[in-house]
1. Here's a check for you: in the range 1-25, which residue that is open to solvent by 90 Å² or more (accessible area, probe 1.4 Å) and among the basic types (Lys, Arg) is nearest to Gln38 (Cα to Cα)?
2. Give the residues of the range 238-255 that are closer than 15 Å to Gly178 by Cβ and either buried (at least 20 other Cβ atoms within 10 Å of the Cβ) or free of Cβ contacts under 8 Å to residues at least 60 places away in the same chain (or both), sorted by residue number.
3. For the range 268-291, which positions are out of contact with any Lys or Arg (no Cβ under 9 Å at 6 or more places or on another chain) and more than 17 Å from Phe156 (Cβ to Cβ)?
4. Which of the strands (runs of 3 or more DSSP E) contained wholly in the range 180-282 include at least 1 residues that are of a type in the set (Ser, Thr, Tyr) and modelled with pLDDT of 95 or more?
5. For the range 71-90, how many residues are part of a helix (DSSP H, G or I) and either in contact (Cβ under 8 Å) with a residue 12 or more places away in the chain or touching a Gly at 6+ places or on another chain (Cβ under 8 Å) (or both)?
6. So Ser203 clears everything in (1) touching a strand residue (DSSP E or B) at 6+ places or on another chain (Cβ under 7 Å); (2) touching a residue at least 60 places away in the same chain (Cβ under 8 Å); (3) closer than 20 Å to Leu253 by Cα except one condition, right? Which one?
7. Among the residues of the range 256-285, write down those that are more than 30 Å from Asp176 (Cβ to Cβ) and open to solvent by 40 Å² or more (accessible area, probe 1.4 Å).
Amino acid sequence: MDRINHSTATPDRKFTAGNPATPIPATVVTPELMNQIQEELCNVIEGAGLPLDPEDDTQLNQAIDAKIASATPGAATETVAGIARLATEAEALAGTDDATIITPAKLAAALAALGGADVDEFYIDAGAMAPAITGGAASGQEESSTNKVNRQYMSFRGDTANTIAQFSARLPSNWDAGTVRARLLWEPAAGASAGDEVRWLFSAVAVGNDDALDAAFGTPVNIDDVAIAAGDAHETPASAAMTIGGTPAVGDLVTFKIERDYDYGSQPLAEHARVLGMVIQYGVSGTITAW
C-alpha cells in the first residue's frame, strides 16, 4: 500500500480538487493507486476465507468480524492464556467458581466477610488446667454411666464465692501478639435448671525472657452462657477480644485465668459449673520459621 505518488498530488501526497484560477491542477487518480486499494481490500476478504462476490457489499465487514473472532482467545485455564471474567464479591466469598479471576480488593472483602482468614485457634482441655492456690476451683474426673466416657473437668462453685482455674501456654510463633477470644466447653452439675445463668471472667498475662513472673493480669472480659440441661454438653458464645496483660510478644509464656462470677444474673446457676475445656482464637501474622 502507498499514498498517491503523482506530480499532481499535494506536497504531502494527498489529493486536491485543484484551483483553475491559480492554476493548480486536480490530482490524477492513477491506475497504480486504484489497484493497490482494490488488492488491499480483496486480500482482507479472501484472507478471511470468503470468495469475492460482486453482489455482496458487506464482505469487508464480514471479513473483519471473522478475523477478530478467530484472533480472540478462548477461556483462560491454569495452563492456557485466554479471557476470564472478574469475579463478583459474592463469587469470591462462595469460593466455588474456578473460571473467574479474583482481584485483590475482592479477595480482601471475601476474607473480611469470612471473619478473617488471619486467625488460628487451639484447644486446652480441663486436664491441663490447675486450681488456683487462692480461691481455686476443684479438679475432677467423671465417667458417663452407660458408655463409660471419661472426661476431666474443672468445677466452679455457684454458692458462696468466686473460684478460679489457670493454665499456661506458649502461643505459636506466628501469633500477632494481639488480642485473643475464647469459648468455653462446659456442663452444669446435677440440679441445674434450664435458663440458669453463668458467667466466667477471662483474663491473661504474658511474660517473656527476663520479665518478672509476678506480673498483673489484663482486664478480664466476660464469657456468658445459660444452662440447657444437666448432662448435656454446652459451648459458650465467643468472648469479646481480650487484651493480655504485660507486654505481649511472640515467644512469651501466657498464663490464662478463668474465674467464675458465682452469683451472676437474675437466675444464677446455684450448682457447680464444670468446665471441660477452652478454645482460644488468636490472630496470626506471617509463618513459623524453622529453628
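1. The selected residue is Arg3.
2. Taking the range 238-255 as the starting set, the residues that turn out to be closer than 15 Å to Gly178 by Cβ are 239-252, 254.
If the condition is that a residue be closer than 15 Å to Gly178 by Cβ and either buried (at least 20 other Cβ atoms within 10 Å of the Cβ) or free of Cβ contacts under 8 Å to residues at least 60 places away in the same chain (or both), then Ser239, Ala240, Met242, Ile244, Gly245, Gly246, Thr247, Pro248, Asp252, Val254 are the ones that fit.
3. Result: Gly283, Val284, Ser285, Gly286, Thr287, Ile288, Thr289, Ala290, Trp291.
4. The qualifying strands (runs of 3 or more DSSP E) are 197-207, 253-260.
5. Step one: of the range 71-90, the residues part of a helix (DSSP H, G or I) are 71, 89-90.
With the extra rule that they be either in contact (Cβ under 8 Å) with a residue 12 or more places away in the chain or touching a Gly at 6+ places or on another chain (Cβ under 8 Å) (or both), the set shrinks to 89.
Result for the range 71-90: 1.
6. Condition not satisfied by Ser203: (2).
7. So in the range 256-285, the residues more than 30 Å from Asp176 (Cβ to Cβ) come out as 262-274.
Matches in the range 256-285: Tyr262, Asp263, Tyr264, Ser266, Gln267, Pro268, Ala270, Glu271, His272, Arg274.
The values are calculated or read from the model by the stated rules, or taken from the named source; none is laboratory data. Keep in mind it's a predicted model, so treat the numbers as computed, not measured. Neighbour counts run over all protein chains shown; Cβ positions are idealised from the backbone, glycine included. Protein only, heavy atoms only, side chains kept; ligands, DNA and RNA dropped before computing areas. Shrake-Rupley method; radii C 1.70, N 1.55, O 1.52, S 1.80 Å.
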